[in-house]
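The values are calculated or read from the model by the stated rules, or taken from the named source; none is laboratory data. In this text the structure is predicted, and so the values were computed from the model without any measurement. Here the Cβ positions follow ideal geometry from the backbone for every residue, glycine too, while neighbour counts run over all protein chains shown.
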Amino acid sequence: DGGNGENGENGYETKTGLTTDPDTFMGSDSSTGNSYYGSEYEEDIRLFFRDGKDKVVKAYPYAKDWIRELQERGRKVYLLSNYPANYFELHTHNQLDFANIVDGKIISGMVKMVKPDADIYQCLFDTYGLNPEECVFLDDRPENIEGGEKLGMRGIVFDSYEGAKVKLEKMLNE
């Protein structure tokens, strides 16, 4: 930051807890050395830092309505997300307002665990008193679905809203 204290270790990051460095954000698992967010997301992460952390993320237009529809039918909806705590707070305030209507949430940056590690799924079950065999987990990454399935959850790889909705309805009606 050129020593002006606006960014870097003694400025912005210290005041807000938000990193301004994409390499710090991507981090790595000390046991494996792998990035928490995967190399396939590196370009998106760098775009995120370059173009503004509060403007890059947008909620899908169907998200709130789908959650409300499930809740109106007596279903509980929980959010289990690999997301840094500080950005989750920023984005739920500005862009991801659906996160405020779910029945509960476990955010990786808040609990210091990440999918697909078993501990984060167990944290969800324990926090909300859930039986994994009664849960259906939707995620866009197959390895995260596999992580939940190992603990007894049923899973759907989310590849489109329409496809996921059809698959979920079928599972809920079994």
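Can you tell which of Tyr161, Tyr87, Tyr83 is surrounded by fewer than 17 Cβ atoms within 10 Å (Cβ to Cβ) and not small (Gly, Ala, Ser)?
Tyr161
Residue by residue, here is whether (1) within 18 Å of Arg141 (Cα to Cα); (2) at pLDDT 75 or above; (3) hydroxyl-bearing (Ser, Thr, Tyr) holds:
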| site | (1), (2), (3) |
| --- | --- |
| Leu90 | no, no, no |
| His93 | no, no, no |
| Ile107 | yes, yes, no |
| Lys112 | no, yes, no |
| Phe125 | no, yes, no |
